[in-house]
Amino acid sequence: MFRSVVSRQQLEGFGFLVAFTLCIPIANWMLGNVGTVCPPQSPCLIPVAPGLMAPSGVLMIGLALVLRDLVQRRLGFVWAVVAILIGAGISWFISPPFLVIASVAAFTLSELADLAVYTPLQKRGLITAVVASSVVGLVIDSVVFLQLAFGSLDFLAGQIVGKGWMVLLAIPVIWLLRERDKRLEIVAA
């Protein structure tokens, strides 16, 4: 009798992959539906710091940058690339027309940059790799998305701060995951 066994590492990896791929359509939905203010012909905005507003989707994109790293940690480099392609594909089919090109371009470029930074740094330390790669990814994502979607970098500071908050909030979770991996002797893929 043949029995397929999925390891805890793989199961967690596929959970991270699903969460990662859902971040983009949720972020795009938030842009038109969630915010403390939703001006006409503009994204819905949320406060990210005193006197600083950002399009509401920043929260999900900041989370996506961290989740992509976790997909790679659990499933490996190839699955991380597959996750980026799936996320871009979902965005292509779900996003409103004016967001499609901006979203797919920003998502793909920022996640590939995140991947390029995370991969060599992960051997030096998980938290360092996640933070450094996320910072690079969030800046690229912010510049590309805002310029292509809205033709303006007016919300750039807010985008960077908002995504930065999500990365910052993820650090304790990443630390706990790393410590649990050590305890359970789980080795990164």
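Membrane-span-like helices in the chain (whole DSSP H runs, Cα extent of at least 20 Å along the helix axis, mean Kyte-Doolittle hydropathy of at least 1.6): 77-94, 126-150. By the Cβ distance rule of under 4.7 Å, the chain has these cysteines without a partner: Cys23. Distant-in-sequence amide contacts of Ala54, defined by a placed amide H-H separation under 5 Å and a gap of 5 or more residues or a different chain, comprise Ile46, Val48. Projected label points at Trp29 and Glu185, each 7 Å from Cα along the beta carbon direction, are separated by 4.3 nanometres. In percent, rounded to a whole number, the relative contact order of the chain is 24, using alpha-carbon pairs under 8 Å and six or more apart. Look at Glu185, Glu12 and count the other Cβ atoms within 10 Å of each Cβ; fewest to most, that gives Glu185, Glu12.
Read-outs throughout are calculated quantities, based only on the coordinates presented, and are distinct from any laboratory measurement. Everything numeric in this text was worked out from a predicted model, so none of it was measured. Heads up, the Cβs are rebuilt from the backbone with ideal geometry, glycines too, and the neighbour counts pull from every protein chain shown.
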